[in-house]
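See structure below.
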């Protein structure tokens, strides 16, 4: 048993390492700020590669989840690493083409992230007993959230290092950040990391204790309940969870995509620090919420997350509206880390819920289908944020998010009621 647990930790930590590389998605808020004005991209344009990447990430989770259920996580994760690298390199050679970045970073890298991400949590949780599901899921996905701690400053350093200066027709010297070369470096590096670590991903042998025993999770005694994807989507519980995940993810994704912008008022040129701080909160939230949900229940933890996130967004609104403390770096970073923590909490709770309600046998595919809600919100929310900014009504986005979060809080009561009837 001790050897088995040791192997389980190797698998979990390899998954965490892979997710640290796949978290390049969250560095877009720094990369997009390096896009020169000469490219002619609007705010909505700059949000598009990120939004498409988030959507393709979620879309790829479905076939990737099915594949890793059938052939194991190793090959699927390696394929994801190759796709991420190829996508970043494609974008690097696309010049100022928005379409090139949408195809490379959005479609190719987005799908690669989905293939890699879908292959990390399922094998890890299968090595451990059910009462540790939330904790292990939180540790594995924490890598994805924590990625911006190093990717954000690294992206900022690379953008400056590859900066070029050109002379306009009027004789003015124009400095342009090295976006293309930065994408090229990321593409090569993350291919090597993901493909390498994927070789450590393995499922436990048939009959392993963690794969066949069920225990109390929070306040609800869960019974073994293996469902196919068709059985799962026929339940009202699944669609309630889908809507909750859409709202919870949307709140975080909207702010993650503009994290560097949140810190400009108080941090100036060091605004990229806000991205790193948000990532720390993101990782902490995943581990903490996963562990807490093991003890007090998933739905109770979600209710706390929804309400707390709505309060934090309201405070961010006051800061953006001109509150004097909004120009201070400490309150700003505190709010940013709380946004990250609340968002990250959902990425640990929802996979644990999927395992609790629908079992381990088809966990990869089942969670992949639920994760499409994350993709839908990732496509919609950052784009809406860019749109209302272009309309001259940036504060409207805050109220949209608050409303979505409060609806999500109400849905937890319906979801808990359905769970108690199971």
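Yes or no: residue 419 at pLDDT below 80, in contact with a helix residue (DSSP H, G or I) (Cβ under 7 Å, 6 or more places away or on another chain), surrounded by fewer than 22 Cβ atoms within 10 Å (Cβ to Cβ) and assigned to a helix (DSSP H, G or I)? Spelling it out, residue 419 is indeed at pLDDT below 80, in contact with a helix residue (DSSP H, G or I) (Cβ under 7 Å, 6 or more places away or on another chain), surrounded by fewer than 22 Cβ atoms within 10 Å (Cβ to Cβ) and assigned to a helix (DSSP H, G or I).
A single entry from 51, 97 fulfils the requirement of being over 27 Å from residue 196 (Cα atoms) and out of contact with any helix residue (DSSP H, G or I) (no Cβ under 8 Å at 6 or more places or on another chain): 97. Within the stretch 377-405, restricting attention to residues that are assigned to a helix (DSSP H, G or I) and out of contact with any helix residue (DSSP H, G or I) (no Cβ under 6 Å at 6 or more places or on another chain), the residue that is nearest to residue 71 (Cα to Cα) is 380. Consider residue 357 carefully, then state whether it is crowded, with 20+ Cβ neighbours inside 10 Å, under 23 Å from the mean Cα position of the chain (by Cα), under 20 Å from residue 54 (Cα atoms) and in contact (Cβ under 8 Å) with a residue 60 or more places away in the chain. Judged against the criteria, residue 357 is not a match.
When each of 365, 369, 396 is tested for being surrounded by fewer than 24 Cβ atoms within 10 Å (Cβ to Cβ) and either in contact (Cβ under 8 Å) with a residue 24 or more places away in the chain or on the phi > 0 side of the Ramachandran plot (or both), the lone residue that passes is 369. Considering 63, 36, the condition of being farther than 19 Å from residue 390 by Cα and out of contact with any helix residue (DSSP H, G or I) (no Cβ under 7 Å at 6 or more places or on another chain) is satisfied by 63 alone.
The values are calculated or read from the model by the stated rules, or taken from the named source; none is laboratory data. No experiment lies behind these values; they were computed from the predicted model shown. Virtual Cβ from ideal backbone geometry, glycine too; neighbours counted across all protein chains shown.
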